[in-house]
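Peer 1: Can you keep this structure in mind? I'll have questions shortly.
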Amino acid sequence: PCWRVEQFVVAQECTRCSGFEMKTIPACGSTGFIERINCASSHRDEYKSCRSAALEAQRFWRFVGSALGVAVAAAALVVLRQRVLDRRALEKVRKQIESI
């Protein structure tokens, strides 16, 4: 590709590939997004794979939300388990006092 060896100008910003582009443009295969570039020396128009900032942000916040959900669930399980263990300890102490 010319954009690896020479200067280029972005002719079209990063956009999602259509179904037809996914089948016909190899650069769409890796990320599903492409940008059209114009190489300065050879004056060729080519497509380059790119990443969408909006999609990356959405994935990041989805990950943060799922991590937060797992943390809340784990904290709830810890609290419930601690209550069960406290109840068992109190029951054990009550039985020891009754046996005296």
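The values are calculated or read from the model by the stated rules, or taken from the named source; none is laboratory data. Being a predicted model, the structure only gives us computed values, none of them experimental. Backbone-built Cβ (ideal geometry, glycine too); neighbour counts: all protein chains shown. Keep in mind that these areas ignore ligands, DNA and RNA; they rest on the heavy atoms of the full protein, side chains included. Shrake-Rupley method; radii C 1.70, N 1.55, O 1.52, S 1.80 Å.
Peer 1: Consider the stretch 7-22. How many of its residues are loosely packed, with under 11 Cβ neighbours inside 10 Å and in a helix (DSSP H, G or I)?
Peer 2: 2
Peer 1: Every residue in the stretch 27-76 that is among the hydroxyl-bearing types (S, T, Y) and either under 14 Å from P1 (Cα atoms) or open to solvent by less than 60 Å² (accessible area, probe 1.4 Å) (or both), please.
Peer 2: Taking the stretch 27-76 as the starting set, the residues that turn out to be among the hydroxyl-bearing types (S, T, Y) are 30-31, 41-42, 47, 49, 52, 66.
Across the stretch 27-76, the qualifying residues are T31, S41, S42, Y47, S49, S52.
Peer 1: Could you please tell me which pairs satisfy a Cβ distance under 6 Å, a separation of 6+ or placement on different chains, a first residue in the stretch 11-24 that is touching a residue at least 24 places away in the same chain (Cβ under 8 Å), and a second residue that is part of a loop (DSSP other than H, G, I, E, B)?
Peer 2: C14/C50; C14/S52
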